[in-house]
Every structure is written in structure tokens, then in C-alpha cells.
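Have a look at the structure below, then the notes.
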Ligand code: ATP
Ligand code: MG
């Protein structure tokens, strides 16, 4: 499951847990992005903070792990390279799934190497509130393996959480308390600050 995780929240965690069970996966590997290709409109929190928040949020779940693969790779990262690296790591027999929010699928599939992603892994597109899951017929025609998955509607986003921290509005029950404490301790998302 790739993401900026700036910060990770219960929407991500519920989605990962649901994928684990619905698709009978051995584990979910959270993959914080390195230099995000697509989020150039704002400065993203340092990779090390995003990585540590993801570790904190997933620590208690034995089926969740966090990979440094993308954050340790210099330069721009493409998902196709990550899938290849995971393939090298887990071997030719491994079944790889790319878990994503349904809203993010088109971003991924318009990336430069989306054609190479066809056949390399199966996409699992999770509902986000207000999203119609009947919309992937075109991708399937292009040979992209696409599964859809309904998760309990959680209208949580990192964008909203960052705004809440900046405005000192409540964030409890939107993300794990330990992550929230980490954010406060390090002064992340205070207005105008990008550590
Ligand atoms: P931002 O608001 O900064 O875009 P985000 O909340 O969308 O952050 P990302 O790190 O961009 O979080 O998301 C990583 C992946 O998790 C994406 O595929 C995204 O669609 C998915 N996702 C995020 N929030 C939810 C949610 N509440 N329910 C289901 N999927 C989600
Ligand atoms: Mg997003």
C-alpha cells in the first residue's frame, strides 16, 4: 500500500486490514513515497517523519510492515520500479497486490509506465466516500487487473488532519494517538511549518 502518509490515519489502516482479510493476503507492506511525483503543489513532510509515523501506526499489527524502499531510493520514484523491487525480494511465485484508494487509481494508471504495471500486479481499489466503484471497465480492457473493495466509509484525509493541527481543532479518533503525539512532539503541521 503506497501513500504519502503525511500523516497516516485510520482510513489507511482500515483499508489495509480490509484488504488483508478480503484477499487473504499474508501481509500488507506500507510503502511511504519518497519524493512524491504528483504532490508538487505543497511541500511534503520529510520522508523520515512520514516513515516513523507509519511505523508507529502499524507497530501493534503483526501482519503489517513498513518498507523503506521508496524513501531510500534517490530521485523520483515510479511505482513500476517498486513493484519490480518487491518482485525481486519475494520471488516469482509471490502474488503482488497494489492497494490504493479508488480515487488514486487514475493517477497511478496515467503514470508514464502504467502499461508495464499491467500484469505486474493486481490493483485493489478501495472505496472512498462518494466514489462509484463501477468505473473501472476501461482499465480492465487495457489489461490491468483490477479488484474493487468496499471499506467502511471513513471520510478521513491527511489534508484535513494537517489543517486540523494547524488550526488546533480536534484530531482524536481520526488517527492513532501515538501518531498524534509524535506530530505534536515534533511540531509537524503547525501553521506555516514544514519540517
Ligand atoms: P492527502 O489528503 O494528503 O492526499 P490522503 O488522506 O489521500 O492524503 P495518501 O497518503 O494520499 O492519503 O493516501 C494513500 C492511499 O490511501 C491512497 O491510495 C488513498 O486513495 C488511500 N486513502 C486515503 N484515505 C483513505 C480513506 N479514508 N479511505 C480509503 N482509502 C484512503
Ligand atoms: Mg490523497
With (1) at pLDDT 95 or above; (2) surrounded by fewer than 19 Cβ atoms within 10 Å (Cβ to Cβ); (3) closer than 27 Å to residue 161 by Cα as the list, and residue 26 as the residue in question, which single condition is left unmet?
(3)
Note on region 102-135: residues within 16 Å of ligand 2 (Cβ to nearest atom), modelled with pLDDT of 75 or more and surrounded by fewer than 20 Cβ atoms within 10 Å (Cβ to Cβ) are 103, 104
Any idea which residue in region 139-165 is surrounded by the most Cβ atoms within 10 Å (Cβ to Cβ), counting only those that are at pLDDT 95 or above and more than 10 Å from ligand 1 (Cβ to nearest atom)?
165
Of the residues that make up region 39-61, is at least one in a strand (DSSP E or B), within 17 Å of residue 104 (Cα to Cα) and within 11 Å of ligand 1 (Cβ to nearest atom)?
no
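The values are calculated or read from the model by the stated rules, or taken from the named source; none is laboratory data. Note that the structure is a prediction, hence the values are computed from the model and not measured. In this analysis, Cβ positions are derived from the backbone assuming ideal geometry, glycine residues included, and neighbour counts consider all displayed protein chains.
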